[in-house]
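Note sheet for the following structure.
FYI, it's all coordinate maths here, none of it is from the lab. It should be emphasised that the depicted structure is a prediction, and the values quoted were computed from it without experimental measurement. Cβ atoms come from the backbone with ideal geometry, glycine included; neighbour counts cover every protein chain shown.
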Amino acid sequence: MPGRLPHDQLTPARLAEMQAAFERALALEGTDRERYLGHLAESDGALASRVRALLAAHERTGSGFVSPLGHRTALPLDGTTDRWIGARVGAYVISRLVGAGGMGTVYEATRADDQYRHRVAIKLLGQHAGNEATIQRFRQERQILATLNHPNIASLLDGGVTDDGQPWFAMEYIEGEPITRWCDARRMPLAARLQLFQQVCSAVQYAHQSLVVHRDLKPGNILVTAAGAVKLLDFGIAKLMPEALAADPDDTPLTRTGVRAYTPEYASPEQVRGDPVGTRSDVYALGVVLFELLAGRRPLELHGKSAAEAERVVTEVTPQRPSAALDGPRAAVLGERSLARARQQVEGDLDAVVLMALRKEPERRYGSAQDLADDLSSHAGGRPVAARPEGFRYRFGKLVRRRRVEAAALVLIAVAIVAGMVGVSRQARAAERERALAMEVTDFLTTMLGAANPGSFGRDVKVREVLDSASKRADALAGRPGFEAEIRQVIAGTWLALGEFDAAEGQYRRALEALAREEPGGGQATATALSRLSMALEFTGEYAAADTVLRAATAMYDRFGYASADAQTDHFDSRGRIQVRLGNMAAARPFFERAVDVQRRISPPNDSSLANLYANLGMVTSELGRNAEAETLLVAAVAAARRAHGDVHPLVAAILSPLASVQERAGRMAQADTTFLAALEMRRTLLGEEHPDFAWTMFNYADHLLVVKRYAEAALWCRRVLALRGRTLQDAHPAVSTAMSVLGRALGQMDSLPEGERWLRESLAVRRAEYPPGHFLISSAESILGDHLTLAGKFQQAETLLLTSERALVVARGEQAPIIQDARGRIVRLYEKWGKPDEAAKWRARLTPPDTAAAPG
Amino acid sequence: MADKGDEQDVTALLEMSRQGDMDAANRLALRVQDALHRIAVNALRHEDTGHTLRPTELVDEAFVRLVGQRDTSWENRSQFYAVAARTIRNILVDHARRRKAVKRDHGIHVTLDESISADRGNELDLMALDDALRQLEALSPRQARVVELRFFGGLEVEATARALAISPATVKRDWTFARAFLLQSLSPGA
């Protein structure tokens, strides 16, 4: 063993000398080696010493220098190799390493003081801590995350600096799988994939609006949680757009980044070339992800290619259509029975949408993630997509399919459309899974109808028999809960259309039971079924229950998104209607307005839906005392309904009734009468005389007749309504108590005071039984009864009822509601009759002049 | 944060890190570490059957897990081995450091030669080895790579040569010299 080594400086050159001398000595044996080393010592003593030491070491190594890994205990890969494990950072204790972000290291941690062991993800710079540029980027990521607050983006929770000066931040801990793997593992059908993808678009759009470009979108950064929620991660290489972009975040490109940190398979041509990167680069990446969700592979094959070659492919090669990239195994992953079926669904629209997102030139792609998402909504809603030219055949096929889906709730219409479907282009048959299902459902019911009584539709009682037998047949479908649920909802929808609300409710509930097996954690189909169930509850007057069901549907839609703009519209509409039924006009209005907004964005407009929404918005507006505005909306509603369905249609009839009421309020009585009679005639023809909707129109007309002082006729129509009580009309239906009220008032005017009072007291009793305390309809009944008691000369009783109800109505409906004017008018009348002119004058002063804009002209 | 990615992601990272992208290299290292961890856990489960992994098997298995068995360019495979070897080195050294922090001066000791067992007192202090390897790296990066690949990655001479695009003869020479250099640096007299 040699002595201490010389203190000469070791340099690369010196090391090379050492190696040369060492090798030479090693090649020599015994005395030859000694002689060589002696020579060396004379010219360079330090070198000779070093070589001797090396030779000695070499002897000790023996023949091998065995890797430590030969021993199983040698590689401590138990997650304890990291000094951060177990360390405390801020209020958190790090428990394990979970991965790497764009820059730095991500750990799982829990709050040290958290009894619920709330998990967070902590990001640290780790070994990059010394690099100034890295620290800069780390800070930027933290800053970016702080500006982003979106349910589909992993959010920033906390941040700080560790004891040894390292910056860190805590994010929401996301336990999920990459979106592609998540979908494939569950064999998610196409429609569900598209809905998930739309959540991704929404998050990306939000980031863009917050002036953040992600720049590294890929499945690994788009996780889906067990609950099915999308979470966008890793803004590590995201870039804040210059503030100048605030004016138009879509069109101004980013400055050159310099850092080429991205994933080539998802990088846009401009990114690969090192050109400026902007929001449309993220749109491209979204296109790649969408392609992968559909086809199971990426649009361009970059595997094993050099960087230069990859750049050429990304910038020059046009990707194939996703439908062409499908194969048999992939069709199975998409939940399709055959490759042909899978192809049919992707061919056309989806091919076009994906290829538009993947265009080489940023300016020819979708302008934003939202545009991409909107086009997918159009596709889901059966409307033409922007991504392809609108040829006649294309539009035609679209519209036919769209009508069929809409009609699924009405067997009669659905059957007619199916008949008209024969010979429709192949494009029309290339339906999505839902549409295929709708077709199957209509086929099922068509067969049932045909078997029962061919050619006998309409009000024929046979339809009920068919529905009963269809319902029994559906019992045998338990093995296919999705199909069973669809069938039951069609049956329920038909019961609903026939006014058999209890039967409808029963079928909807059974559909929900089936869906509980199909979508155990809930989902869009469940949300839709809930929304429809609420209609059955609404029509039977179970408003609170309907409201509860709708809120549950909202919660589910919030989680899973809406299947289409139409689904969203219908849902808002239902929520608004229930608010109306509950007497919350002010709360109802925003729901209708939102629904109208959603519908207006759709092109071409769905007139049927718009008509419905304008009508509801008009009625609410009228109730809020804005009569002129209300009339405009209702006229627009009738026009839209006629565009959609022609002059005679249930929807047209439904809107005519409130229009007549508004005309009456505006003082145009003759016009109102004509409108009412038209509505009545239409409903009688369409629905039959026992339908609750017809009853409702009868009541509306009776109420009008009361206003125009045609008391006998008013009483007659009311008795017709009440003849249905206990048959198609239950007490919970508002027509029952209101018809009693109108009848009582009419009788009062016809000097049948005792009978009138009996009906008014009955009306009040029904309302007290059916509505929650404080509901305006109870107060209204009290006010009306009070007025009747004035007529009967029972002033003190009348005063109590009138004053109490007036205060309650102001609380419930606000000063501006027409109903307040009515209530105060009755008080004035009381005091005049009672001989208290001062009191009367005081109350007269509180009457406001009628809506001048709506005055008769 | 389960950023496990997939096969092509790893390929992309390999290509990027080969082109000098440190970020990609770091991400790749974490992937490799994750894979090695899983392999090790798996191996421990099979402890009873006497199955232990040799380093080459370990790295090969990590490769198959992360990249798959499909053809990939030799450059990528080499890059993978380099990253894997570096990762294993870091794991071992970090572990040694941690143990030292915990147990006071009980660095992990590894035998230099299968023929020389631990009871002969001839163990390698990994932390010291790491320091020496750093010194060597500054003087001759290529030699440090050779040591890393052969010692930590368990690669044979031929494979090391291909991974570094040098001749097998050079690998042998570097290996012999570097080994002596490192051991000499670790010697009590050094």
Original post:
Using modelled backbone amide H atoms (1.01 Å from N, in-plane), which distant-in-sequence or interchain residues come within less than 5 Å of A:Gly159's amide H?
Top reply: A:Ala170
**OP:** Return the sequence-ordered ³J(HN,Hα) values of the range A:506-511 in whole Hz as given by the Karplus equation 6.51 cos²θ - 1.76 cosθ + 1.60 applied to θ = phi - 60°, using x for Gly and Pro.
**Re:** x, 5, 4, 5, 6, 4
Original post:
When the Karplus curve 6.51 cos²θ - 1.76 cosθ + 1.60 is applied with θ = phi - 60°, which whole-Hz ³J(HN,Hα) does each residue of the range A:732-741 get, with x for Gly and Pro?
Top reply: 5, 5, x, 4, 5, 5, 6, 5, 4, 5
**OP:** Output the peptides A:279-287, A:161-169, A:784-792 sorted from most to least packed, where packing is the average of other Cβ atoms within 10 Å over each peptide's residues.
**Re:** A:279-287, A:784-792, A:161-169
Original post:
Using Cα pairs under 8 angstrom and six or more residues apart, how large is the relative contact order of the range A:564-663, in percent?
Top reply: 23
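Between A:Asp502 and A:Ala340, take the C-beta separation as r, use R0 = 41 Å, and let me know the FRET efficiency to the nearest 0.05.
Efficiency, from the Cβ-Cβ distance: 0.45.
Neighbour counts of other C-beta atoms within 10 Å: give me A:Arg829, A:Arg337 arranged from fewest to most.
So the ranking, lowest neighbour count to highest, is A:Arg337, A:Arg829.
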**OP:** Any chance you could check the Cα centroid distance between the range A:646-706 and the range A:136-171 for me, in angstrom?
**Re:** 61
Subject >> HN-Hα J in Hz across the range A:270-275 - Karplus 6.51, -1.76, 1.60, θ = phi - 60°, x for Gly and Pro >> reply: 5, 5, 5, 6, x, 7
**OP:** Can you quote the Å³ per residue value for the convex hull of the Cα atoms in the range A:523-619, rounded to an integer?
**Re:** 85
Original post:
For the pair A:Ala112 and A:Ala308, what calculated FRET efficiency results from E = 1/(1 + (r/R0)^6), where r is the Cβ-Cβ distance and R0 = 41 Å, to the nearest 0.05?
Top reply: 0.20
Original post:
Please state the relative contact order of the range A:176-385 as a whole percent: Cα pairs under 8 Å, 6+ residues apart?
Top reply: 23
Original post:
Averaged over B:138-149, how many beta carbons belonging to a partner chain fall within 10 Å of each residue's beta carbon?
Top reply: 2
Original post:
What distance in nm separates the simple spin-label points at A:Glu23 and A:Leu677, each placed 7 Å from Cα in the Cβ direction?
Top reply: 11.5
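From the cross-link list A:Lys305/B:Lys172; A:Lys218/A:Lys360; A:Lys794/A:Lys842, which pairs have alpha carbons spaced over 27 Å apart?
Correct reply: A:Lys305/B:Lys172.
How would you order B:141-152, A:512-523 from highest to lowest mean count of nearby Cβ atoms within 10 Å?
Per-residue Cβ counts within 10 Å, averaged per peptide and sorted highest first, yield B:141-152, A:512-523.
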Original post:
Mean separation of Cα pairs under 8 Å and 6+ residues apart, divided by the residue count of the range A:12-62: what relative contact order is that in percent?
Top reply: 34
Subject >> Inter-label distance for A:Ala13 and A:Arg473, nm, one decimal - labels placed 7 Å from Cα along Cα-to-Cβ >> reply: 9.6
